[in-house]
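The values are calculated or read from the model by the stated rules, or taken from the named source; none is laboratory data. Keep in mind that what you see is a predicted model, and the values were worked out from it rather than measured. For neighbour counting, all protein chains shown are included, and Cβ atoms are generated from backbone atoms with ideal geometry for every residue, glycine included. To get the accessible areas, we keep the full protein, side chains included, count just its heavy atoms, and leave off ligands, DNA and RNA. Shrake-Rupley method; radii C 1.70, N 1.55, O 1.52, S 1.80 Å.
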Amino acid sequence: MKKELLIGMAAAWAALLFVACSGSKESTEQTEEETVQLVKVARVTEQAVPQVVSYTATIEPYKRNLISSSLPNRIKKIYVEVGDHVKAGQKLVDLDRANLAQQKLQLDNLELEYKRVQELFAVGGASQQQVDQMRTQYETAKTSYENLDENTVLVSPTNGVVTARNYDNGDLATGAILTVMQIQPVKVQVNVSESDFTKVKLGMPVDVNVEVYGDEVFKGKVSLIHPTIDASTRTFVTEINIPNADNRIRPGMFARVNIDFGSVNRVVVPDQAVVKRSGSGDRFVYVYKDGKVSFNQVQLGRHMDTSYELISGVENGAEVVIAGQSRLKDGAEVKVVE
């Protein structure tokens, strides 16, 4: 009887163990099934992507001239006002000539003294040192007089517009009296990336939008390319001229410069596929292949409507995940759904 009881208990334990093992196996299979993520994918393609780079800039005059005398002098008359258009060679300012007459008298006296010393030297009555000293004084005075004579009538060096008047008639001018800017053409300067150095060419057409004129496009051309790269910014200065025949564009206006470097074949992916890693600026895309996904870091180019140009990271024709990325990780098994 005791032996039969032991056999019965052993059979019961075996049955329980079988049930427990069966339940564990079913639970494991269910968990594994639940870890397979459902995703949607899209196939990427390579296409021609326009390489238009935009820069912000401020309109500048083609030339900026400060109208001043090389020596302090009193202003006799200023002939123009701010906003006046002037021609090259046009008289802008008359300065007092009283000092000019005084300097002319001093120059004439020094010339007579210089000639007298030369005559004395010829007969042995003066040394070479005396002759040299007198010549230096005379030439210095002559240069000063010529500068003053030239600077008593100030003219415009270029066609342009008067943008500043800093003195009035009768003032003693010690700096720039007027500022004249040439605004036909105007120019902008932009800092272009070092990677585009070989692409920028003199005469290259450029589209410019000036903010005050909305979407209107003004045509410009590359007029100057600086020959060196700024080591701190890895950029180089490019100067662009805009004809401005109607004078509508004015220095100081805000502009957007668009340089077209042509088209390049690039892989393009839906923007839904791009994932940003938390805590960094890195961007990634999950690439699907044979039931699994790989976590590929990508370098983005332009954003175009609902897609991104990729510089690197995904091959042409690959399938990328566009939905269901939230719980994915590198190497995870996935199931594709429509």
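Structure notes:
- Loop-located trypsin sites (Lys or Arg not before Pro) in the stretch 82-112, at most 10 other Cβ atoms within 10 Å (DSSP): K87
- For the chain, the share of DSSP beta bridges that are antiparallel, to the nearest 5, is 95%.
- Candidates per trypsin sites (Lys or Arg not before Pro) in the stretch 106-185, loop by DSSP, up to 16 other Cβ within 10 Å: none
- In summary, the aspartates and glutamates within cross-link reach of K87, defined as a Cα separation below 20 angstrom excluding same-chain residues under 8 places away, comprise E60, E150, D246.
- Burial ranking of peptide ranges 325-337, 231-243 (average Cβ count within 10 Å, highest at the top): 231-243, 325-337
- With all protein chains kept in place, the per residue accessible area of the stretch 59-151 amounts to 65 square angstrom at a probe of 1.4 angstrom.
- Magnitude of the charge dipole, the stretch 97-151, Cβ model with Lys/Arg +1 and Asp/Glu -1, debye to 20: 100
- Recomputing Rg/Rh (Cα atoms, Kirkwood Rh) from the coordinates shown identifies the correct label among [x] 0.93; [y] 1.03; [z] 1.44 as [z].
- Global form of the stretch 30-185, assessed from the alpha-carbon gyration tensor, a/c cut-off 1.5: prolate
- Cross-link pairs exceeding 22 Å between alpha carbons, from the set K187/K219; K77/K142; K63/K142: K77/K142; K63/K142.
- Per residue convex hull volume, Cα atoms of the stretch 97-151, in Å³: 51
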